[in-house]
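The values are calculated or read from the model by the stated rules, or taken from the named source; none is laboratory data. Model, not experiment: these values are computed from the prediction. In this analysis, Cβ positions are derived from the backbone assuming ideal geometry, glycine residues included, and neighbour counts consider all displayed protein chains. When the accessible area is computed, the model is the full protein with side chains, heavy atoms only, and any ligands, DNA or RNA have been set aside. Shrake-Rupley method; radii C 1.70, N 1.55, O 1.52, S 1.80 Å.
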Amino acid sequence: MIRTLAVNCAPILECSKDGGKTPAETASDEMVMGAVRALCEFSVLVSQQNHSDLSLTAPDNALKRFHKKKAAFRDQIMSKSVKAKVNKLSATESNQFRV
């Protein structure tokens, strides 16, 4: 599931570029995606079977980045226009998946 997390959150950034959000909302979206990316990176790094000194510091750095950015999740409020776009995208993708 963690490998698809970033893909499922990508519409957040796409909707941010449409101009319907304030710069603060766009920055918050980018913080959320940064947190998601750090979490995914951490998950992939810790799932390795062999580790070196370097590979042990990388998950720690990813986890620190996640903890710095996780507060952005509390600030997320999806506007009505963005929610409509996300629903439309998910409906289209669901329909394509069924086909």
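What the table shows:
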| item | result |
| --- | --- |
| Per-region count, the stretch 55-72, residues part of a helix (DSSP H, G or I), closer than 25 Å to Ser28 by Cβ and open to solvent by 70 Å² or more (accessible area, probe 1.4 Å) | 5 |
| Filtered residues of the stretch 45-71 (kept if within 16 Å of Met1 (Cβ to Cβ) and free of Cβ contacts under 8 Å to residues at least 12 places away in the same chain) | Ser47 |
